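The values are calculated or read from the model by the stated rules, or taken from the named source; none is laboratory data. Because the structure is a prediction, the values reported are computed rather than measured. Positions of Cβ are backbone-derived with ideal geometry, glycine not excepted, and every protein chain shown enters the neighbour counts.
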Amino acid sequence: MDPRLADLVGLLDLENIEVNIFRGESRDIGSPQVFGGQVLGQALAAANRTVENRWVHSLHAYFLRRGDVDAPIVYQVEHARDGRSFTNRRVTAIQHGRQIFNMTASFQIDEEGLDHRVAMPDVPEPDDCKDIAEVSEADIQDFPKKVQLFMQHRRPFHVRPVRPNENGGAMQPVKHVWMKAVDLLPDSRALHQALLAYVSDYELLATATIPHGQSSSFRRFLQMASLDHAMWFHRGFRVDEWLLFSYDSPSASSSRGLARGQVFTEAGTLVASTAQEGLIRLRR
């Protein structure tokens, strides 16, 4: 397996230090704090370790404090409910003796029922889009050093944005991004769900800044951080196959922005939805 992806899979393989208590390492990927997707993925991995033969269908999380990239994170899992069809878990992430994050996740047995879904947007294929890893130093030279490190970080996912001139309306708060893992992964449904939670934090909140300016000089004056995050898992998928993340932002106000996302397979099947509100504060 590609070392970048193997390291991420290792991050999600938490150490069981006590009943319902797990510990995960952190990674510095150039963001100002622990990447929110890492905490989401690890929290879901912790909850998954306490559930059998049921699969997450929704999660709701709050980011409470900045995570320290130089310290491990402890995850405490509370068994809120174990029903005949649904199971509910509450997960608290603790670092340096304080809560930095909490999440509620609901799991369900596989069931048949009504089935409909929206159509995937008409966008270029992933092979027709340029990977974000190909960004040049000239493109990001005006960004703060930390942001440059984040942009240049060798990610465990291919990230290929559909350029604004390819989907129309460059100033509309809409964005489409193709993503998939850089290598093949084991056939573990729980692992693919945790990895989708991880990558769901890529690119999402930045959608709320699109109508307000796209230049590097503009972004230098923004302080951005995730406040909460929700996900709904509709159907099966693999993160080592191309997935289209279709984002939009219906509102930004009071130094907060709301962004929503739908995740489609390359064949056009809607497999997950997500929403996030985040801090978007203009620096003085």
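Pairs are defined by a Cβ separation below 9 Å, a sequence spacing of at least 6 or placement on different chains, a first member in the range 54-77 that is at negative phi and among the basic types (Lys, Arg), and a second member that is modelled with pLDDT of 95 or more and part of a loop (DSSP other than H, G, I, E, B); the pairs so defined are 54/85; 54/109; 54/110. For the subset of the range 89-120 comprising residues that are more than 29 Å from residue 262 (Cα to Cα) and touching an Asp or Glu at 6+ places or on another chain (Cβ under 9 Å), which member is surrounded by the fewest Cβ atoms within 10 Å (Cβ to Cβ)? Ranking the candidates gives 96 first. Can you pull out the residues in the range 62-88 that are out of contact with any strand residue (DSSP E or B) (no Cβ under 9 Å at 6 or more places or on another chain) and either exposed (fewer than 15 other Cβ atoms within 10 Å of the Cβ) or modelled with pLDDT of 95 or more (or both)? Listed by number, the residues that qualify are 70, 83, 84. Of all residue pairs spaced 6 or more apart or on separate chains, those with beta-carbon atoms under 7 Å, a first member in the range 228-256 that is in contact (Cβ under 8 Å) with a residue 12 or more places away in the chain and loosely packed, with under 15 Cβ neighbours inside 10 Å and a second member that is of a type in the set (S, T, N, Q) and assigned to a loop (DSSP other than H, G, I, E, B) are 235/269.
Going by what's in this entry, would residue 39 be described as assigned to a loop (DSSP other than H, G, I, E, B) and surrounded by 16 or more Cβ atoms within 10 Å (Cβ to Cβ)? So residue 39 fails the test. Of all residues in the range 43-53, those that are in contact (Cβ under 8 Å) with a residue 60 or more places away in the chain and not small (Gly, Ala, Ser) total 2.
Quickly run through the range 108-133 and pick out the residues that are part of a loop (DSSP other than H, G, I, E, B) and under 21 Å from the mean Cα position of the chain (by Cα). Lay out the reasoning, then the answer.
So the first thing to find is which residues in the range 108-133 are part of a loop (DSSP other than H, G, I, E, B), and the list is 109-125, 129-131.
120, 121, 129, 130, 131 - these are the residues of the range 108-133 that are part of a loop (DSSP other than H, G, I, E, B) and under 21 Å from the mean Cα position of the chain (by Cα).
Just a yes or no: is a residue in the range 261-271 touching a residue at least 40 places away in the same chain (Cβ under 8 Å) and within 23 Å of residue 30 (Cα to Cα)? Taking every residue of the range 261-271 in turn, none turns out to be touching a residue at least 40 places away in the same chain (Cβ under 8 Å) and within 23 Å of residue 30 (Cα to Cα).
The requirement of being modelled with pLDDT of 95 or more, β-branched (Val, Ile, Thr) and closer than 24 Å to residue 272 by Cα is fulfilled nowhere in the range 18-38; no residue meets it.
Between residues in the range 156-169 that are over 30 Å from residue 7 (Cα atoms) and modelled with pLDDT of 95 or more and residues that are surrounded by fewer than 17 Cβ atoms within 10 Å (Cβ to Cβ) and of a type in the set (D, E, K, R), which pairs lie under 8 Å by C-beta distance while being six or more apart or on different chains? Pairs found: none. When residue 15 is tested against (1) exposed (fewer than 14 other Cβ atoms within 10 Å of the Cβ); (2) touching a residue at least 40 places away in the same chain (Cβ under 8 Å); (3) farther than 25 Å from residue 272 by Cα, only condition (2) is not met. Looking at this structure, is residue 273 modelled with pLDDT of 95 or more and crowded, with 17+ Cβ neighbours inside 10 Å? Spelling it out, residue 273 is indeed modelled with pLDDT of 95 or more and crowded, with 17+ Cβ neighbours inside 10 Å.
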